[in-house]
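I have placed the structure first, in the form of structure tokens, so that the comments after it can refer back to it.
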Amino acid sequence: MANVVKKHSISSGLAHKMVDAAVAKAKELGVTENVAILDDGGNLKAFSRMDGAPFLCIEMAQNKAYTALFGVSTQDFFNFIQGDPSLLAGIPTLARVAAWGGGFPIKVNGEVCRGDRAEWGAHGAERRRLREGSPRARTR
């Protein structure tokens with residue numbers, strides 16, 4: 001079986017719990033959002049668009065979650081590319097890659113198992129508070 005790769009992926013149940021937790025935190029903060037949870041292959045696993053959340057942010061939420069599959073937050077990713085003009089010009093032209101803050105990877109035993117993104121147009125402290133309110137995958 002040397003040609004088989006073992007990888008982590010998020011269950012549907014956990015993905016939906018994470019969406020529910022992010023939505024609950026957004027309500028607590030008084031914001032509306034789109035929340036996207038992707039599996040390890042970048043496929044949509046769970047999603048919620050709160051009433052009043054911008055519909056244009058649906059794709060942005062999914063793209064940020066996809067970019068988080070690189071293993072770093074999308075803000076850290078932007079910070080990495082911003083000092084290199086060729087990366088700064090080229091990376092944003094790639095399909096599904098979002099080079100601005102808001103996407104966060106989830107790791108289990110050091111491996112990325114999926115990305116998540118809450119997108120509601122808020123920045124800074126609100127985004128951090130929302131991230132802190134969403135459950136994280138736990139290692140055994």
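The values are calculated or read from the model by the stated rules, or taken from the named source; none is laboratory data. Every value quoted in this text rests on a predicted model; they were computed, and no experiment measured them. Cβ atoms come from the backbone with ideal geometry, glycine included; neighbour counts cover every protein chain shown.
The set of residues from segment 71-103 being touching a Ser or Thr at 6+ places or on another chain (Cβ under 9 Å), outside any helix (DSSP H, G or I) and of a type in the set (Val, Ile, Thr) comprises just one member, 97.
Looking across segment 23-53, just one residue is surrounded by fewer than 16 Cβ atoms within 10 Å (Cβ to Cβ), of a type in the set (Asp, Glu) and in contact (Cβ under 8 Å) with a residue 40 or more places away in the chain, and that is 28. Considered as a group, the residues in segment 69-102 that are closer than 20 Å to residue 18 by Cα and hydroxyl-bearing (Ser, Thr, Tyr) include one that is surrounded by the fewest Cβ atoms within 10 Å (Cβ to Cβ), and that residue is 73. Within segment 54-68, being assigned to a helix (DSSP H, G or I) and either of a type in the set (A, V, I, L, M, F, W, C) or surrounded by 22 or more Cβ atoms within 10 Å (Cβ to Cβ) (or both) holds for 57, 58, 60, 61, 62, 63, 64, 65, 66, 67, 68.
Considering only residues of segment 8-31 that are part of a loop (DSSP other than H, G, I, E, B) and in contact with a strand residue (DSSP E or B) (Cβ under 7 Å, 6 or more places away or on another chain), which is modelled with the lowest pLDDT? Across segment 8-31, the extreme among qualifying residues is 8.
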